[in-house]
Structure formats: structure tokens, C-alpha cells
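Everything on this sheet refers to the single structure shown next.
The values are calculated or read from the model by the stated rules, or taken from the named source; none is laboratory data. None of the values given here were measured: they were computed from a predicted structure. Cβ sites come from the backbone with ideal geometry, for glycine too, and all protein chains shown count toward neighbours. Heads up: the accessible areas ignore ligands, DNA and RNA and are worked out on the full protein's heavy atoms, side chains in. Shrake-Rupley method; radii C 1.70, N 1.55, O 1.52, S 1.80 Å.
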Amino acid sequence: MTSKGVRMELIQVIAMFSTCVCFIMGTSRHNVAIREGFIVRHSIKHIFSALHILQPLIPIIPGMGRSENALASSFRYLFFLLEYADGPVSVFYEALRARALEVAVRMAPFEPSKMEANLHNINADFFEILYHYLVHDKILSYTCKHVDTWSNALGPVARQDKNLWKDWSAMERTIRSYVSLRSKEEMTKWPLSNEKGWFLKCYCDRTTEGIQLRQCAGCQVVRYCSKRCQRDSWHSHHRLSCKFLKAAVGSSSPHYVKRSLRLLAALEDRQMWYQGDDDIPKLVAAAQRLYPTDRKRLVVELGVDKLDVSVRPLRHYLFLFNGLSENDVVESLSSWNLKESRGHRSFLCSVIAINNQYYSRQILFSPRTALNMEMKLGRRR
């Protein structure tokens, strides 16, 4: 076959690939069952694995319109799933494993482009999403394992574009910073109890090796070696900490959040340290003037991945506590604060905000407070 014939075949393959992606996305938009069915059948894995193979062939094809549409449609499908899928963290993890990051770095046009699809914007969106999803332990662990390889293979490519290099450098710094925070947290406070990532379990003297641990049905975080141990724990302390651990993992993606609690607690501490001496007291004072009847019930909201902070009354966050009244929450927190020496504090508690689906935000009760409740109260048994 002549070189012209090969190019024509490639054009047809890429056109069919783009059509298939558009079909998958179009049907997924109109039917939730179809959307989730494609996810279960690993549509993201197959699309980006194929795209990774096709991408090196794209420069030899005359007329880049079809090639660019294949790149753009694949990422638009990914972004759509991150906004609407039931498990966006799993979707993004599968995309990373299928070389989506490598494709994103190599897809950026390094010359002024008149193409219909703006690859620069798609590329920037991907890096922004990756930055926000690094708060999930599953994503951070994968990126940590590959960041050195990526730096060697993709760093020189990223340097060719000013905006891309800025995004790449920020992502690499964030990965290394988060890994360092998580490591310090694990070494000093919450070591893993086993390879499955469980670090909150009963405090009895029995060994848990070879035992099928029972998970608390309320918080779904703490595990116990027996019904008796669970009952004793409930009566001694867990009845207080359970509802706050549940509020700390949320209801949207609790499986991923509970494995990320240590990292989130470390990020919360860092944010509190950055803004605790100046910004937070000023915001609390302003909120006390704005909400005079809630002066003693103010909550500090920390955007751990955006480094922003705000202060609102507790009543704005009651949705976290599964039907508890405002007085119940205040009474429990006040009881805990009397036991926990935290110095002078002009607010009741803190919450954090992380990205959940694409650009939507999820509010969680303070991971640091919830973990301290369980660990410190449990050790006083």
C-alpha cells in the first residue's frame, strides 16, 4: 500500500473513532442506565488506550480537523462523565491508567491554532481537574507512583508551551507536597493497620490478624473485631464520634473520602495555619456582626484545594448531620471542646470543601476534629 493509501486509511480510522465516541456520549446524555453501562464496560479505558495509540500517527495526516475532533471529543466525554457519573473518582482513575495525562500533554498545539476545537482549553481543564482530584488518596497514590516517570518523559514536551509548562509545574509541586503531608500524617498519627487502608479500628488487646473485621453501619469508617467490642466502643465513646465521622466522609463518595481522611485532615491543618492568625479572626469578627444571634455558633469553611475561607452560622451546615438538631450538634461539640485543649477559639468548628463532580463542591465536617474525637476518646476507655 502506498503512503497516500496509508494516510487515507488512517483518516478513515480516526473518523470512525471520533464517530464512536460521539455516539457513546450522545446516548449517555439521554439515558442514565446507558451512561453507567458504558462506564461498567470500561469505555474510558478503551477510548484513551486507543487514543494513545493513534496520537503519534496524527501528525502525518493531512488536514488536522478530523484528528483534532477525535482528541477533543474524547476529553469532552471524560469531562461529561466527571460531571454526571455516579463514581467520578473511579472514572478519572481509569482515565489516568489509560494514559489520559500523556495524551493531554502531547495534544497541546505549540503554534497558533485556527482549529475549531480549542485544545489549549481542554488541556488546561484536564490539569485543573487533576489538581482538585489529588485530594483523593486513590488518585494521589497513582500519581505519586508515576510522577518521576512523567517528569522524565513529558517534562521536555511541556516546556515547549508556556501555559502548559505552568500547569505541569504546578501539578508536580502539588503531588509532591500532598505526598509529603500524607506521609507525615501517617508516620506521626494514623499508621495503616493493614494493606486495605483501614486505620481506625477497635482498641481492644486482641490481634485482628485473620479476623473479618465488622464495619460500623453508621459512619462506615471504624471497624471492630467482634460484636461485643463494637457494643463496648459504642457505649464508651463511639456514640459521640460516629455522627461526626459520618459527616466527615459525606454521602456523595464516602468510600473514597474515608480512605483520604488523613490527607484531608493534614490539608485542613495547613489551611488553618496559613490563615488562622489573621484572616480567620477577621472573618469571624465580621460574621459575628452580621449574625449577632449566632455569635457562638459560627463555622469556618475551608476550601482545602482552593485556599479560600468563609464563615457562616451552623444552621447553614445542618445537612451534614443526618437529622440532628442545631442544639444537639452544639451540645456534642461543646462537650468535645471541653475535653480537647485547642486554645482560645472564637468559632464553634470548621468544615472543608472539596471538588466532588467536575466543578461542583462537596462540604464535609472537619476531618481533623472527627478523627481526633474517635482516636482520643477511644484511647481513654
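The table below gives the values:
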item: Cβ-Cβ FRET estimate between L318 and A217, R0 fixed at 25 Å, reported to 0.05; result: 0.70
item: Accessible surface, 1.4 Å probe, highest first, among residues Y291, Y224; result: Y291, Y224
item: Added length on full extension, which subtracts the Cα-Cα distance from 0.36 nm per residue, L290 to D328; result: 11.3 nm
item: Added length on full extension, which subtracts the Cα-Cα distance from 0.36 nm per residue, S169 to Q12; result: 52.8 nm
item: Highest-first arrangement of 44-57, 259-272, 232-245, where packing means the average Cβ count within 10 Å; result: 259-272, 232-245, 44-57
item: Solvent-accessible surface ranking, highest first, for R35, R228 at 1.4 angstrom; result: R228, R35
item: For L264, net neighbour charge (Lys/Arg +1, Asp/Glu -1) across residues whose Cβ lies under 12 Å away; result: +1
item: Simple spin-label estimate for D308 and R159 in nanometres, 7 Å along Cα-Cβ; result: 3.6 nm
item: Accessible-area order (highest first, 1.4 angstrom probe) of the listed residues I139, I11; result: I11, I139
item: With all protein chains modelled, accessible area of F127 [1.4 Å, Å²]; result: 10 Å²
item: Using θ = phi - 60° and Karplus 6.51 cos²θ - 1.76 cosθ + 1.60, couplings along segment 85-94 (whole Hz; Gly, Pro as x); result: 5, 5, x, x, 5, 5, 4, 5, 4, 5
